[in-house]
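Each remark here refers to the structure printed beneath this line.
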Amino acid sequence: MEHASKVQDSKADGNLETFHYDNTIVRDFTIATLVWGGVGMLVGLIIAIQLYAPSLNFGIPYLTFSRLRPLHTNAVIFAFVGNGIFLGVYYSLQRLCKARMFSDLLSSIHFWGWQLIIVLAAVTLPLGMTTGKEYAELEWPIDVLIAVIWILFGINLLGTILKRRERHMYVAIWFYIATWVTVTVLHVVNSLAIPISLFKSYSIYAGVQDALVQWWYGHNAVAFFLTTPYLGLMYYFMPKAADRPVYSYRLSIIHFWALIFLYIWAGPHHLLYSALPDWAQSLGTVFSIMLIAPSWGGLLNGLLTLRGAWDRVREDPVLKFMVVAVTAYGMATFEGPMLSIKSVNALSHFTDWTIAHVHIGALGWNGFLTFGIIYWLIPKLYNTSLYSKKMANAHFWISFLGIVFYAVPLYWAGITQGLMWKQFTPDGMLQYFNFLETVTQIIPMYILRSIGGTLFLTGTSIMFYNIYKTAKQGKFLADEEAQAPALAKVYHATQKGQYHRWLERKPVQFYVATLIAILIGGALEIIPTFAIESNVPTIASVKPYTPLELQGRDIYVREGCYTCHSQLIRPFRSETERYGEYSKAGEYVYDHPFQWGSKRTGPDLHRIGGKYPNSWHYSHMIDPSVLSPGTVMPSYVWLAVKTLDASTTSAKIKAMMKLGVPYPEGYEDQALADLQEQAERIAKDLNDAGFETTADKELNALIAYLQRLGTDIKVK
């Protein structure tokens with residue numbers, strides 16, 4: 001495959017340079033992967049059980065489903081998978097470049113900085129310190145720390161590539177580069193916010209625009225954090241484990257460039273039938289469907305790499321995990337485009353179908369590939385053999401059954417939800433008008449799902465023991481000696497048909513080409529939504545939130561209500577009959593951030609304002625089961641006790657004014673008095689209804705916000 005070139009090659013003289021690979025950083029990230037993986041899975045199991053036993057939060061605000069769910073997603077994505085990415089990159093990059101990492105100090109700062117970020121997330125999210133944006137819940141100081149650590153990782157990555165002794169960058173490195181470049185752009189753009197205090201900020205985007213930016217980020221966090229780096233790991237570790245070369249170099253080129261160019265366009269498919277402009281929704285659908293081709297190109301390249309090694313799959317647990325991982329990747333990347341088709345999305349969106357889809361990727365693709373890599377890697381780091389293949393095989397089958405028991409009931413539950421929500425009687429009335437009927441129907445599926453999670457965690461626990469015993473019986477190779485000739489100096493470039501080979505020799509140019517490829521889609525979707533006023537038409541009757549409503553909205557965000565409730569009524573008869581008039585883009589212009597949600601465990605709330613008296617909301621938050629027997633919503637009794645911190649009111653109003661919310665000039669000085677006046681009216685109304693409360697309680701602010709929702713427009 002090499003083209004002719006005039007080189008000065010030290011190999012010809014037999015001059016080999018001796019150096020050492022840094023295995024310590026690989027070991028450290030491996031330990032972190034195992035530890036945080038166990039934590040993330042355990043939290044996931046706890047909240048899965050809470051979906052049918054909500055009292056298991058024991059009345060503690062920090063243990064509710066709505067606060068733990070962001071902790072679970074962040075722990076799995078950024079702690080388990082994140083550390084898994086880094087262990088694989090630090091091991092493979094050194095060997096692919098025939099060089100030690102650029103800086104041991106940067107490696108160490110990266111490791112400890114990333115663990116600090118995870119600890120801060122584990123503390124702040126249960127405390128309710130959240131932005132309220134899915135997969136981007138961490139507040140601004142942690143976002144800044146993430147950016148710093150990620151940039152240091154990028155410097156270490158590029159520095160290692162630049163000092164490599166291997167002329168061409170192997171395909172795995174392409175995916176590592178794309179991951180770093182794209183995640184940098186995604187994180188910076190989506191995290192822009194105005195700080196109010198150390199752990200409170202408002203997104204600079206509002207409503208429809210915030211939704212577009214968030215799901216441009218959210219979808220591509222899946223694409224470029226959960227997918228592209230793992231494809232790089234697949235391209236390195238699967239051939240190593242199978243002792244076979246990658247099936248097709250040309251296919252890997254097509255796979256890479258088509259994937260990173262197309263993926264960035266697909267975010268709007270999370271917002272179909274929403275208030276987002278239709279042209280943006282259509283772009284998301286079209287590019288999502290096109291993604292099948294490059295995604296399955298990677299799938300085939302991975303599976304066909306095992307040609308001639310299938311007999312070993314029956315015996316080798318490493319290959320078992322990898323085969324199922326790549327198969328799960330294929331399933332998820334077929335299902336994703338299918339769910340972006342509007343007719344399918346109309347049934348699946350807001351249901352547990354999406355949750356099943358996500359976990360096929362998380363448990364199967366990310367989880368199983370990580371397990372396979374660790375089983376292959378640890379014996380090499382400790383110069384020994386795996387302690388027990390039988391235990392590894394047991395882990396495989398138990399966790400595989402766990403995935404089946406997890407996913408199948410949720411697919412069943414999701415389809416059941418979607419059909420029940422849309423079912424009409426022969427008389428033209430909603431058959432299941434009471435939303436709770438659609439919840440109680442699928443509780444058996446939630447129980448089966450938690451059994452699947454238990455099985456998966458049990459298998460992972462077996463792995464912990466197996467890996468520990470493997471390490472104990474071996475001796476760790478901290479600095480692994482290696483030899484390679486110095487990188488040849490290239491005086492002449494390409495022959496015909498070898499242009500990509502030329503690009504593989506130029507890491508800086510490769511970075512630039514990757515950046516251009518991923519910026520095109522994002523820019524063409526996001527910029528018109530901001531630059532063209534007609535994309536988000538305003539409604540004259542929509543006014544800014546009152547100070548008390550704004551404080552109540554922040555409580556809504558803090559408690560994670562968006563994890564179970566949507567604020568987006570789609571233009572379907574089934575939804576307008578149940579909830580009211582469908583949602584308009586102009587209704588969200590003062591929402592920083594948007595709160596459309598992505599899952600309906602409870603009913604949509606966009607038209608809840610004025611539907612019930614204040615006393616109903618008070619009773620519902622204190623003990624939901626009184627008004628809704630059989631509900632899976634926990635009590636939020638602490639809101640009736642906790643005093644509202646009104647001291648932040650002026651700062652919040654000022655921040656909103658900076659973001660363009662049209663409060664009167666100087667209103668920040670009047671805001672606190674208006675807040676107290678409205679709170680006293682609500683407290684008096686509750687007192688008249690027989691409830692003992694005072695105007696300074698958080699629940700009054702939340703009630704004010706809920707009573708405002710959907711009342712700005714009047715529809716006959």
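The values are calculated or read from the model by the stated rules, or taken from the named source; none is laboratory data. Model, not experiment: these values are computed from the prediction. With ideal geometry, Cβ positions are generated from the backbone for all residues, glycine too; neighbour counts draw on all protein chains shown.
What the table shows:
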quantity: Residue list for the stretch 276-291, filter: buried (at least 23 other Cβ atoms within 10 Å of the Cβ) and over 30 Å from Tyr511 (Cβ atoms); calculated: Leu276
quantity: Filter result for Ile155 (in contact (Cβ under 8 Å) with a residue 60 or more places away in the chain and part of a helix (DSSP H, G or I)); calculated: no
quantity: Cross-chain or 6+ apart pairs with Cβ under 6 Å, the stretch 185-213 first and farther than 23 Å from Ser650 by Cβ and at pLDDT 95 or above, then acidic (Asp, Glu) and surrounded by fewer than 24 Cβ atoms within 10 Å (Cβ to Cβ); calculated: Ser191/Asp143; Gly207/Asp591
quantity: Condition check for Ser191: more than 22 Å from Ile85 (Cβ to Cβ), assigned by TED's automatic domain parsing to the domain that holds Ile177 and of a type outside the set (Val, Ile, Thr); calculated: no
quantity: Residue within the stretch 612-624 that is among the small types (Gly, Ala, Ser) and closer than 30 Å to Asp352 by Cα present; calculated: yes
quantity: Unmet requirement for Leu503, which otherwise passes all of (1) aliphatic (A, V, I, L, M); (2) within 30 Å of Ala325 (Cβ to Cβ); (3) touching a residue at least 12 places away in the same chain (Cβ under 8 Å); calculated: (3)
quantity: Residue match in the stretch 203-219 (condition: over 30 Å from Glu533 (Cβ atoms), surrounded by 24 or more Cβ atoms within 10 Å (Cβ to Cβ) and not polar (S, T, N, Q)); calculated: no
quantity: From Tyr406, Tyr387, Tyr375, Tyr446, residue being in a helix (DSSP H, G or I), over 19 Å from His72 (Cβ atoms) and touching a residue at least 40 places away in the same chain (Cβ under 8 Å); calculated: Tyr375
quantity: Some residue of the stretch 289-308 being closer than 21 Å to Tyr236 by Cα, within 21 Å of the chain's Cα centre (by Cα) and among the β-branched types (Val, Ile, Thr); calculated: no
quantity: Qualifying residue in the stretch 565-572 (condition: in contact with a Lys or Arg (Cβ under 7 Å, 6 or more places away or on another chain), aliphatic (A, V, I, L, M) and modelled with pLDDT of 95 or more); calculated: yes
quantity: Residue match in the stretch 89-106 (condition: touching an Asp or Glu at 6+ places or on another chain (Cβ under 8 Å) and of a type in the set (Phe, Trp, Tyr)); calculated: yes
quantity: Restricting the stretch 529-549 to residues that are touching a Pro at 6+ places or on another chain (Cβ under 8 Å) and not in a loop (DSSP other than H, G, I, E, B), the residue that is nearest to Gln209 (Cα to Cα); calculated: Thr529
quantity: Breaking point among (1) assigned to a helix (DSSP H, G or I); (2) closer than 24 Å to Ala394 by Cβ; (3) of a type outside the set (S, T, N, Q), for Leu306; calculated: (1)
quantity: Residue satisfying all of: in the stretch 71-80; touching a Phe, Trp or Tyr at 6+ places or on another chain (Cβ under 9 Å) and more than 16 Å from His110 (Cβ to Cβ); surrounded by the fewest Cβ atoms within 10 Å (Cβ to Cβ) among these; calculated: Ile77
quantity: Any hit, the stretch 54-63, residues being modelled with pLDDT of 95 or more, in the same structural domain as Gly367 (by TED's automatic domain parsing) and buried (at least 22 other Cβ atoms within 10 Å of the Cβ); calculated: no
quantity: Elements of type helices (runs of 4 or more DSSP H) contained in the stretch 625-716, each with 1 or more residues being within 30 Å of Leu436 (Cβ to Cβ) and among the basic types (Lys, Arg); calculated: 698-708
quantity: Inter-residue pairs, beta-carbon under 8 Å, first charged (D, E, K, R) and in the stretch 623-642, second assigned to a loop (DSSP other than H, G, I, E, B), 6+ apart; calculated: Asp623/Ser635
quantity: Flag if Val39 is closer than 23 Å to Thr131 by Cα and surrounded by fewer than 20 Cβ atoms within 10 Å (Cβ to Cβ); calculated: yes
quantity: Residue count, the stretch 127-142 (criterion: within 20 Å of Asp591 (Cβ to Cβ) and not in a loop (DSSP other than H, G, I, E, B)); calculated: 1
quantity: Leading residue by the ranking (modelled with the highest pLDDT) among those in the stretch 536-561 that are over 14 Å from Tyr705 (Cα atoms) and crowded, with 18+ Cβ neighbours inside 10 Å; calculated: Gly560
quantity: In the stretch 668-706, the residues that are in contact with a Pro (Cβ under 9 Å, 6 or more places away or on another chain), among the polar types (S, T, N, Q) and within 29 Å of Tyr579 (Cα to Cα); calculated: Gln678
quantity: In the stretch 572-595, the residues that are part of a helix (DSSP H, G or I) and either in contact with a Phe, Trp or Tyr (Cβ under 8 Å, 6 or more places away or on another chain) or over 30 Å from Asn190 (Cα atoms) (or both); calculated: Arg573, Ser574, Glu575, Thr576, Glu577, Arg578, Tyr588
quantity: So Tyr499, is it surrounded by 14 or more Cβ atoms within 10 Å (Cβ to Cβ) and of a type outside the set (Lys, Arg); calculated: no
quantity: Members of the stretch 195-240 that are out of contact with any strand residue (DSSP E or B) (no Cβ under 9 Å at 6 or more places or on another chain) and small (Gly, Ala, Ser); calculated: Ser197, Ala206, Gly207, Ala211, Gly218, Ala221, Ala223, Gly232
quantity: Some residue of the stretch 578-595 being closer than 30 Å to Gln431 by Cβ and in contact with a Leu (Cβ under 7 Å, 6 or more places away or on another chain); calculated: yes
quantity: Residues satisfying the stated conditions in the stretch 521-535, i.e. of a type in the set (D, E, K, R) and surrounded by fewer than 20 Cβ atoms within 10 Å (Cβ to Cβ); calculated: Glu533
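Per-residue answers, yes or no, for (1) modelled with pLDDT under 95; (2) in contact with a Ser or Thr (Cβ under 6 Å, 6 or more places away or on another chain); (3) within 26 Å of Ile462 (Cβ to Cβ):
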{"site": "Gly367", "(1), (2), (3)": "no, no, yes"}
{"site": "Lys390", "(1), (2), (3)": "no, no, yes"}
{"site": "Asn393", "(1), (2), (3)": "no, no, yes"}
{"site": "Phe396", "(1), (2), (3)": "no, no, yes"}
{"site": "Phe405", "(1), (2), (3)": "no, no, yes"}
{"site": "Ala413", "(1), (2), (3)": "no, no, no"}
{"site": "Gln417", "(1), (2), (3)": "no, yes, no"}
{"site": "Phe424", "(1), (2), (3)": "no, no, no"}
{"site": "Phe435", "(1), (2), (3)": "no, no, no"}
